[in-house]
Every structure is written in C-alpha cells, then in structure tokens.
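Undergrad: Could you have a look at this structure, given as structure tokens, before my questions?
The values are calculated or read from the model by the stated rules, or taken from the named source; none is laboratory data. These numbers were taken from a predicted model, which means no experiment stands behind them. In this analysis, Cβ positions are derived from the backbone assuming ideal geometry, glycine residues included, and neighbour counts consider all displayed protein chains. Just the protein is used for accessible areas: all its heavy atoms, side chains included, with ligands, DNA and RNA removed. Shrake-Rupley method; radii C 1.70, N 1.55, O 1.52, S 1.80 Å.
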Amino acid sequence: MSPVDVGSALFNTHAFMNHTKLTFILLGALLTGSGCSASITANNSATSASVQPHEVAQAIPQYPPLYEVQVQVCGDIIVSQNSNGERCAANKLYLWGPVGETRLVQTELDMPLTSNLGHRVAVRAKGCYPAYKQPNENQFYWAGMEVRVHKGGKTLAESKKTLLSNEQVHEVVKNRFSGVTIQTFGRPDCQPADVERYMKLQQSRKIKKI
C-alpha cells in the first residue's frame, strides 16, 4: 500500500472512532436527561399529592355551629297510627345553634263546636338553614310543623339534635338543603315564633288552655 493510501486509511479509521465515541456520548446524555426528567416529574407529582389535601382543607370555610334536628310530636293528635299504635308527626330541619327548648304552642281559638285545636311547634335556636344563611337572634322559631290536638288530649313535643361537623355543614350548604322539607302551610318558613304572646292569650282565657 502506498503512503497516501495508508494515511487515508488511518484518517478514516480515526474519524470513525471519533464518530462512534460522539454517538455514545450523545446516547449517554439522552439517557441521563430522561432519568432526570422522570425524577423531576415524580418529585413534582409527590409534591402535588402532598399539597392537595392542604389546599382542599383551606378551600372549606369555617361555619358557625349547625344542628340537624328531628322534631316529633306524639299523643292525641289527628294523624294515622304508626306500627306501634302511636300517633306521631315528625319533621327534620337544620338549625343554627345553640338549640334549646321545643314547645307545642296552641295557635287556634277554642270554639264551642270544635273538637280539636290547631297547634304549631316552636324551637329555640338562632334560625333555620336555608331561611337564614347565617345565625340570627337566639329566640323561638316555627319549626315547620302544624298539628291538630283533640281537646283534653295529652301530647309530647320533643327534638333530637345532632351537631354537624364543619365538613358536614359544607355538604349541607353545597346541596342546598337537599332531603329536607319544611311544611309551611302557606306561611313563610322558620319565622320568629311569638310564644309569649300565645301564652298570655292562654292565661287570659282568650285561648282555652288544654
């Protein structure tokens, strides 16, 4: 082989080795970059997952105390008997706390020819939701129940209250009072109940006390 051919061959061999070396360097860089990218993505996902509950907790506002209240009236009232042979009427509502006394208030004048009288249930609280978006004055409110009681009959009005957690209150607010119905009988629901006025009427015998 001539000197020119040998030089050309050596040059081509050297160029091939440099090209191969460069290819391995680029391949290594790509693999390393992919590993870093995957690591960064994984770290970002882990960070997002760790931050998400905190962000959700911050998104829920702090609500005033809200109670789920089951109001029930049993006794000599005009309703069908239940399976236990009792005559009871019930209603569920949400009340801003604190929730206090439950009263069955006679609201109808006693007439000689009537055999039963209209009564309404009042509960002491700070208002109903959603009639009141925020707690109102602490007083008696009509609980959306009206029953007729036989004259001389015995009745018992009581309520069972459950304090809701802040998360449960948030669900109630989001669902807009779903599953709860207030019987208003044409009247605005959850209005302040002037219980003392009716008590004075009873004492003055304008409404016969039963």
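Undergrad: On a 21 Å Cα-Cα criterion, which of the cross-link pairs 160/200; 126/161; 92/161 come out too long?
TA: Listed pairs above 21 Å: 160/200.
Undergrad: A follow-up question, please. Roughly how many percent of the accessible protein surface of region 100-141 is carbon and sulfur, given a 1.4 Å probe and a whole-percent answer?
TA: 51 percent
Undergrad: Under a 1.4 Å probe, what is the accessible area of region 119-159 per residue, stated in Å²?
TA: 44 Å²
Undergrad: Of the peptides 140-149, 71-80, how do they stack up when ordered by the mean number of other Cβ atoms within 10 Å, highest first?
TA: Per-residue Cβ counts within 10 Å, averaged per peptide and sorted highest first, yield 140-149, 71-80.
Undergrad: Modelled label-to-label distance, residue 115 and residue 92, 7 Å Cα→beta-carbon offset: nm?
TA: Using points 7 Å along Cα→Cβ, the separation is 3.5 nm.
Undergrad: Scan around residue 145 for amide H atoms under 5 Å from its own, H built in the peptide plane at 1.01 Å from N, and keep only partners 5 or more places away or cross-chain.
TA: The list, which skips near neighbours in sequence, is 121.
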